[in-house]
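Q: Got a structure for you, questions after.
The values are calculated or read from the model by the stated rules, or taken from the named source; none is laboratory data. Keep in mind the model is a prediction, meaning the values are calculated, not measured. When we count neighbours, we look across all protein chains shown, and the Cβ atoms used for this are built from the backbone with ideal geometry, even at glycine. We work out accessible area using only protein heavy atoms, side chains counted, and drop any ligands, DNA or RNA first. Shrake-Rupley method; radii C 1.70, N 1.55, O 1.52, S 1.80 Å.
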Amino acid sequence: MKQTSWFRDAVVYQLYIRSFYDSNGDGVGDLRGVIEKLNVIESLGVNALWLSPFCASPNEDNGYDVSDYRSVAPEFGTLDELEELIAKAHERKIRVLMDFVVNHTSDQHPWFQEAKASRSSPFRNWYYWADDRQAGPPNNWDSYFGGPAWSKSEETGQWYLHHFLPSQPDLNWENHEVRREMFAIARWWLEKGIDGFRLDAVHHIGKPQGLPDAPPHLRLRQFKNTKRTHLYLKEFRQTVLEPFGAFAIGETGGTTPSTALQYTAGNQELDAIFHFDQFFLSHPQARDFVNNHHKWYRTFSRHKAWDTAFFSNHDQGRHLSLWGDDRYLRLRSAQFFAAVLLTSWGTPFVYQGEELGMGNAGFQGPQDFQDKASLRRYQEALQQGQDPVLALAKLLMFGRDNARTPYSWSSESQAGFTSGEAWLKPAYDFKTVNWASQQGNGDSVWEFYRKLIQLRHSSQALRHGKWSPWGKHPHVYAIQRRYGSETMALVGNWSHESVNWVLPRSKRSQGKWAVLASNYPGQKPTLAPGKLSLRPWEVYLLSPE
């Protein structure tokens, strides 16, 4: 039986297949492209790949609307190529995680096509259906992507539930036939060599019985992380994960440290979760991130649960643009966040492109976007009377396509991503921010990620050590990791201004510190007196001499 404890020692690379590398010139990234770049991924030092959805899909939501769970989308390649990718990754001791869309299907899936055709269809109860309530939707639930979470089917006159796009109807996990089939699909992929799953929107699979209105105090009127969700996941672990020794991580927005323990403590359900507290910090400073991370660490570590660390993914604007400096001090800012991420407690997830210092796309307007969810939100903001300039600014900053631009391989046409025309415009700055220009440059973002990943792999303190904050300076991110006799510390300036930082009095007796990594070459700080002057985005990884 496989063991899932490997995850606690890993660095995972999230790979958005559509935008990674196009091997055949059709403008869409594909599995062959991933295979051709496996040596590059291996050289970064990561231990696992999280592959974005690759099953057949009409792509209303870029693969998160599955029309056939036992398939590979033709634009990505073939099942044989996927198995080749898995085998070649395993040869390099890189595990492969599948993005498994469990809450909903595409409306083009045969199950839904059958279900909507008749109220007496054997697949009717595979989804949620309800009659009008006062000539409107059955309850007040919202969709993530704007508007109500219900759409009316012309075929039968009933409403069906969709927490996302109308083309993504929610599966009815209360139906044991649905659970049985989804579990069989998961086992099928594990038999193909997949090592585990990232469970998309899993916090929505359990709906409250009776489908009641959501209470008015909820910002987004939805129920999440219900008791029924936990029941279904316990069944999933017992019937699928445990027999294969397979790994699973869940997307569980809306959790708190205490409620998240229901998923992770004792591994009764999931090995880890993604939570999103950090994205709701308003204009975060170093102190805010330290406090937030400490909050989760204290609760999880007491119960031997495990956490994740990530700053960017396919659903967010890039963190370098949201929190850092993607213009004047891009290099130092990107290196700063690399240091924070790779010294964090929990398993770090590197989203493709951040290891180059890629920022937001630099799009000019809605015509540059393809993501239907982002465009729906933009149009809804305009319809609600929001100032057009503000609505556009939000789209340009937070629209999901910011993180989905083609990987910037080189300064050549289409960022070296394709010999054709890319499905989405490359980032505006690909001529200067790209993989080719950073190879062999010891001061590049790429090389800084490589170095820190290697340091993490060699350090028990960075992987498993106790995590504790140092001081409360608003702009200085200062933490210590300790495991047995090994101690590491990270001190960095999360700001555009130079700051002076004083080592906490309780730490001054530890003597001098050696620099293991820093992002301003040639600078050697002196910590013996307990003081350190930090330039903008300057960061040091230290160990006692």
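Q: Can Arg332 be described as within 25 Å of Tyr520 (Cβ to Cβ), of a type in the set (D, E, K, R) and modelled with pLDDT under 95? Steps first, please.
A: Values: within 25 Å of Tyr520 (Cβ to Cβ): yes; of a type in the set (D, E, K, R): yes; modelled with pLDDT under 95: no.
Judged against the criteria, Arg332 is not a match.
Q: Still on this structure: Of everything in the stretch 179-194, what is touching a residue at least 40 places away in the same chain (Cβ under 8 Å) and either part of a helix (DSSP H, G or I) or open to solvent by 10 Å² or more (accessible area, probe 1.4 Å) (or both)? Give them in sequence order.
A: First, the residues of the stretch 179-194 that are touching a residue at least 40 places away in the same chain (Cβ under 8 Å): 179, 182-183, 185-190, 192-194.
Result: Arg179, Met182, Phe183, Ile185, Ala186, Arg187, Trp188, Trp189, Leu190, Lys192, Gly193.
Q: Looking at the stretch 258-276, which of its residues are among the aliphatic types (A, V, I, L, M), in a helix (DSSP H, G or I) and either within 18 Å of Ser5 (Cα to Cα) or open to solvent by 50 Å² or more (accessible area, probe 1.4 Å) (or both)? I'd like the intermediate steps shown before the answer.
A: At the first step, the residues of the stretch 258-276 found to be among the aliphatic types (A, V, I, L, M) are 260-261, 265, 270, 272-273.
From what's left, in a helix (DSSP H, G or I): 260-261, 265.
The answer is Leu261, Ala265.
Q: Please state which of the following conditions Asp443 fails to meet, knowing it meets all the rest: (1) closer than 19 Å to Ile41 by Cβ; (2) open to solvent by less than 60 Å² (accessible area, probe 1.4 Å).
A: Evaluating Asp443 over (1) closer than 19 Å to Ile41 by Cβ; (2) open to solvent by less than 60 Å² (accessible area, probe 1.4 Å) leaves (1) as the failure.
Q: List the number of the failed condition for Met397; all other conditions in (1) within 21 Å of the chain's Cα centre (by Cα); (2) over 25 Å from Asp65 (Cβ atoms); (3) part of a loop (DSSP other than H, G, I, E, B) hold.
A: Tallying (1) within 21 Å of the chain's Cα centre (by Cα); (2) over 25 Å from Asp65 (Cβ atoms); (3) part of a loop (DSSP other than H, G, I, E, B), Met397 fails exactly one: (3).
Q: Closer than 30 Å to Gly359 by Cα and crowded, with 17+ Cβ neighbours inside 10 Å - does that describe any residue in the stretch 504-514?
A: As a first pass, look at the stretch 504-514 and keep what is closer than 30 Å to Gly359 by Cα: none.
Scanning the stretch 504-514 turns up no residue that is closer than 30 Å to Gly359 by Cα and crowded, with 17+ Cβ neighbours inside 10 Å.
Q: Then there's this: Looking only at helices (runs of 4 or more DSSP H) that lie completely in the stretch 277-352, which have at least 2 residues being within 18 Å of Thr264 (Cα to Cα), open to solvent by less than 30 Å² (accessible area, probe 1.4 Å) and in contact with an Asp or Glu (Cβ under 9 Å, 6 or more places away or on another chain)? Steps first, answer last, please.
A: Working: elements: 286-302, 319-322, 330-342.
Counting at least 2 such residues, we get 286-302.
Q: Which one of the conditions (1) open to solvent by less than 20 Å² (accessible area, probe 1.4 Å); (2) modelled with pLDDT of 90 or more does Glu486 fail to meet, given that it meets all the rest?
A: Going through the list (1) open to solvent by less than 20 Å² (accessible area, probe 1.4 Å); (2) modelled with pLDDT of 90 or more, Glu486 breaks only (1).
Q: Identify the residue in the stretch 134-169 that is in a strand (DSSP E or B) and surrounded by fewer than 22 Cβ atoms within 10 Å (Cβ to Cβ) and, among all such residues, is farthest from the chain's Cα centre (by Cα).
A: First, pick out the residues of the stretch 134-169 that are in a strand (DSSP E or B): 136, 142, 148, 150-152, 159-161.
Remaining after also requiring surrounded by fewer than 22 Cβ atoms within 10 Å (Cβ to Cβ): 136, 142, 148, 151-152.
Details: Gly136: 35, Asp142: 23, Pro148: 26, Ser151: 29, Lys152: 32 Å.
Of everything passing the filter in the stretch 134-169, Gly136 is farthest from the chain's Cα centre (by Cα).
Q: Another one. Can we say Ala478 is under 19 Å from Gln335 (Cα atoms) and in contact (Cβ under 8 Å) with a residue 24 or more places away in the chain? Spell out how you get there, then give the answer.
A: Details: under 19 Å from Gln335 (Cα atoms): yes; in contact (Cβ under 8 Å) with a residue 24 or more places away in the chain: yes.
So Ala478 fits the description; yes.
Q: Give just the number: which of (1) in a helix (DSSP H, G or I); (2) touching a helix residue (DSSP H, G or I) at 6+ places or on another chain (Cβ under 9 Å); (3) β-branched (Val, Ile, Thr); (4) buried (at least 20 other Cβ atoms within 10 Å of the Cβ) does Thr255 not satisfy?
A: For Thr255, the exception is condition (1).
Q: Test each condition in (1) under 21 Å from the mean Cα position of the chain (by Cα); (2) modelled with pLDDT under 95; (3) assigned to a loop (DSSP other than H, G, I, E, B) for Phe54 and report the one that comes out false.
A: Phe54 satisfies every listed condition except (2).
Q: Considering only the stretch 494-512, how many residues are modelled with pLDDT of 75 or more and assigned to a loop (DSSP other than H, G, I, E, B)?
A: Looking only at that region, the number is 8.
Q: May I ask you to verify whether Trp150 is among the aromatic types (Phe, Trp, Tyr) and free of Cβ contacts under 8 Å to residues at least 40 places away in the same chain? Don't jump to the end; show me each part of the working.
A: Values: among the aromatic types (Phe, Trp, Tyr): yes; free of Cβ contacts under 8 Å to residues at least 40 places away in the same chain: yes.
Yes.
Q: How many residues are hydroxyl-bearing (Ser, Thr, Tyr) and in contact with a helix residue (DSSP H, G or I) (Cβ under 8 Å, 6 or more places away or on another chain) when one looks only at the stretch 423-467? Give the derivation first.
A: The initial filter retains those residues of the stretch 423-467 that are hydroxyl-bearing (Ser, Thr, Tyr), namely 428, 432, 437, 444, 449, 458-459.
Keeping just the survivors that are in contact with a helix residue (DSSP H, G or I) (Cβ under 8 Å, 6 or more places away or on another chain) gives 444, 449.
The qualifying residues number 2.
Q: Going residue by residue through the stretch 204-215, is there one that turns out to be part of a helix (DSSP H, G or I) and either within 22 Å of the chain's Cα centre (by Cα) or touching a residue at least 40 places away in the same chain (Cβ under 8 Å) (or both)?
A: Going residue by residue through the stretch 204-215, those that are part of a helix (DSSP H, G or I) are 204.
This time we only want the ones that are either within 22 Å of the chain's Cα centre (by Cα) or touching a residue at least 40 places away in the same chain (Cβ under 8 Å) (or both), so: 204.
Yes, the conditions are met somewhere in the stretch 204-215.
Q: Continuing with the same structure: Any chance you could count how many residues in the stretch 33-80 are polar (S, T, N, Q) and surrounded by fewer than 18 Cβ atoms within 10 Å (Cβ to Cβ)? Spell out how you get there, then give the answer.
A: As a first pass, look at the stretch 33-80 and keep what is polar (S, T, N, Q): 39, 43, 47, 52, 57, 59, 62, 67, 71, 78.
If we keep only those that are surrounded by fewer than 18 Cβ atoms within 10 Å (Cβ to Cβ) as well, we get 39, 43, 71, 78.
Matching residues across the stretch 33-80 total 4.
Q: Of everything in the stretch 353-371 that's part of a helix (DSSP H, G or I) and under 15 Å from the mean Cα position of the chain (by Cα), which residue is farthest from Tyr449 (Cα to Cα)?
A: Top of the filtered list is Glu354.
Q: Being open to solvent by 10 Å² or more (accessible area, probe 1.4 Å), part of a loop (DSSP other than H, G, I, E, B) and among the hydroxyl-bearing types (Ser, Thr, Tyr) is the filter here; which residues of the stretch 1-32 pass it?
A: So the first thing to find is which residues in the stretch 1-32 are open to solvent by 10 Å² or more (accessible area, probe 1.4 Å), and the list is 1-6, 8-9, 18, 21, 23-26, 28, 32.
Adding the requirement that they be part of a loop (DSSP other than H, G, I, E, B) leaves 1-4, 21, 23-26, 28.
Selection gives Thr4, Tyr21, Ser23.
Q: Looking at the stretch 203-228, which of the residues that are closer than 15 Å to Tyr128 by Cβ and among the polar types (S, T, N, Q) is surrounded by the fewest Cβ atoms within 10 Å (Cβ to Cβ)?
A: Looking at the filtered set, the residue picked out is Gln209.
Q: Now, a different point. Are any residues in the stretch 362-378 charged (D, E, K, R), surrounded by fewer than 21 Cβ atoms within 10 Å (Cβ to Cβ) and touching an Asp or Glu at 6+ places or on another chain (Cβ under 8 Å), and if so, which ones?
A: Within the stretch 362-378, Asp368, Lys372 qualify.
Q: Looking at this structure, is Ser459 polar (S, T, N, Q), open to solvent by less than 50 Å² (accessible area, probe 1.4 Å), more than 28 Å from Gly29 (Cα to Cα) and in contact (Cβ under 8 Å) with a residue 24 or more places away in the chain?
A: Working: polar (S, T, N, Q): yes; open to solvent by less than 50 Å² (accessible area, probe 1.4 Å): yes; more than 28 Å from Gly29 (Cα to Cα): yes; in contact (Cβ under 8 Å) with a residue 24 or more places away in the chain: yes.
Here the answer is yes, as Ser459 does meet what is asked.
Q: Please state which of the following conditions Tyr127 fails to meet, knowing it meets all the rest: (1) open to solvent by less than 30 Å² (accessible area, probe 1.4 Å); (2) of a type outside the set (A, V, I, L, M, F, W, C); (3) without any contact (Cβ under 8 Å) to a residue 24 or more places away in the chain.
A: (3)
Q: Quick one: Tyr144 ticks every box in (1) farther than 26 Å from Ser121 by Cβ; (2) at pLDDT 95 or above except a single one, so which number is it?
A: Only one criterion in (1) farther than 26 Å from Ser121 by Cβ; (2) at pLDDT 95 or above is unmet by Tyr144, namely (2).
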